[in-house]
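Reading through the structure tokens given below for one structure.
The values are calculated or read from the model by the stated rules, or taken from the named source; none is laboratory data. Just so it is clear, the structure is predicted and the values come from calculations on it, not from any experiment. Here Cβ is always computed from backbone atoms with ideal geometry, including for glycine, and neighbour counts include all displayed protein chains.
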Amino acid sequence: MISNNALLHKHHTSYEAYMSVFHNHPDAVYILDLDGYYHHCNPATFVVLGRTSNDYVNKRFGDFTSDPSQLELMQTAFENAINRQPQTTEQNTIFKRHWFPQSFMTK
């Protein structure tokens, strides 16, 4: 039988590996809560979008879109992702005074 300490160590090691990938990924990676608000952003998010961490406080994933007509599609994709249905969508995101397509994927 595996002891609780062994399970805890395995969980901790897995978490450390995940956080390393999250923080060191060269692309923007962020975690949303179940209401679509930004919970965590990796450092590349700030570099890629030209924003600071304060810009994401109390903001939802659709708050930075440059095309409001995309909001319904984005909300549907988000709801499907919450229900564990793989999604791939693109969003035109405001980058200071510019925009670029941003993919939203789940697996």
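I need the full set of residues from segment 52-63 which are assigned to a loop (DSSP other than H, G, I, E, B) and either aliphatic (A, V, I, L, M) or crowded, with 18+ Cβ neighbours inside 10 Å (or both), in order please.
Listed by number, the list holds a single entry, 57.
Determine which member of the set 47, 29 is among the β-branched types (Val, Ile, Thr) and under 13 Å from the mean Cα position of the chain (by Cα).
None of the others qualify; the one that does is 29.
If residue 90 meets every condition in (1) acidic (Asp, Glu); (2) in contact with a His (Cβ under 7 Å, 6 or more places away or on another chain); (3) modelled with pLDDT under 85 apart from one, which number is that one?
(2)
Condition (residue is more than 23 Å from residue 95 (Cβ to Cβ), in a helix (DSSP H, G or I), among the acidic types (Asp, Glu) and without any contact (Cβ under 8 Å) to a residue 60 or more places away in the chain) applied to segment 15-24: is it met by at least one residue?
Within segment 15-24 (the criterion being more than 23 Å from residue 95 (Cβ to Cβ), in a helix (DSSP H, G or I), among the acidic types (Asp, Glu) and without any contact (Cβ under 8 Å) to a residue 60 or more places away in the chain), the answer is yes, since at least one residue qualifies.
What tally of residues in segment 66-91 results from selecting those that are surrounded by fewer than 16 Cβ atoms within 10 Å (Cβ to Cβ) and of a type in the set (S, T, N, Q)?
8
Which residue out of 60, 84, 51 is on the phi > 0 side of the Ramachandran plot and at pLDDT 85 or above?
Numbers: 60 fails: on the phi > 0 side of the Ramachandran plot; 51 fails: on the phi > 0 side of the Ramachandran plot.
Testing whether each residue is on the phi > 0 side of the Ramachandran plot and at pLDDT 85 or above leaves just 84.
Residue 27: part of a helix (DSSP H, G or I) and either touching a residue at least 60 places away in the same chain (Cβ under 8 Å) or among the charged types (D, E, K, R) (or both), yes or no?
Taking the combined requirement at face value, the residue does not satisfy it.
Within segment 35-51, track down each residue that is in a loop (DSSP other than H, G, I, E, B), exposed (fewer than 15 other Cβ atoms within 10 Å of the Cβ) and either free of Cβ contacts under 8 Å to residues at least 40 places away in the same chain or in contact with a helix residue (DSSP H, G or I) (Cβ under 6 Å, 6 or more places away or on another chain) (or both).
Answer for segment 35-51, where residues must be in a loop (DSSP other than H, G, I, E, B), exposed (fewer than 15 other Cβ atoms within 10 Å of the Cβ) and either free of Cβ contacts under 8 Å to residues at least 40 places away in the same chain or in contact with a helix residue (DSSP H, G or I) (Cβ under 6 Å, 6 or more places away or on another chain) (or both): just 35.
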